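Notes for the one structure printed next.
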């Protein structure tokens, strides 16, 4: 599965796991949007997403930097410049582990830069999965 969108998504996950903020941000187009999760959350109270590199960098600092992440994707679907991954992300932070089950999508532009990273997971279900580690 060596397509531009698959490679960008893979590099995004690798950089997030490695806590490599500079590399992670370099994968995004200047006007990209991150919606993780889609809709209102404690990271995005208005539910409008994080648009542009400055906003995406702030999202990284809030969500990725303090967390240990594991990506477990069971299925991947590619359509043109987009990819949807079905599975879960295990998030460990502040002595707790949370599992976000859902669909995680990437869309890239003609240069292979991510223009949209969207995560379809239910905040309430993830919160109920929390366990002390």
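The values are calculated or read from the model by the stated rules, or taken from the named source; none is laboratory data. Only a predicted model underlies this, so the values are computations on that prediction, with no experimental measurement involved. Glycine also receives a Cβ, built like all others from the backbone with ideal geometry; neighbour counts cover every protein chain displayed.
Computed values, structure above
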{"quantity": "Matching residues in the range 59-92 - criterion: being more than 20 Å from residue 5 (Cβ to Cβ), in contact with a strand residue (DSSP E or B) (Cβ under 7 Å, 6 or more places away or on another chain) and loosely packed, with under 15 Cβ neighbours inside 10 Å", "calculated": "66, 68, 70, 92"}
{"quantity": "Residues that are closer than 13 Å to residue 37 by Cβ and assigned to a loop (DSSP other than H, G, I, E, B), drawn from the range 109-133", "calculated": "122"}
{"quantity": "Where residue 14 falls short, out of the listed (1) out of contact with any strand residue (DSSP E or B) (no Cβ under 8 Å at 6 or more places or on another chain); (2) at pLDDT 95 or above; (3) surrounded by 15 or more Cβ atoms within 10 Å (Cβ to Cβ)", "calculated": "(3)"}
{"quantity": "Every residue from the range 100-131 that is surrounded by fewer than 18 Cβ atoms within 10 Å (Cβ to Cβ) and either without any contact (Cβ under 8 Å) to a residue 40 or more places away in the chain or over 22 Å from residue 57 (Cα atoms) (or both)", "calculated": "101, 103, 110, 122, 124, 125, 127, 128, 129, 130, 131"}
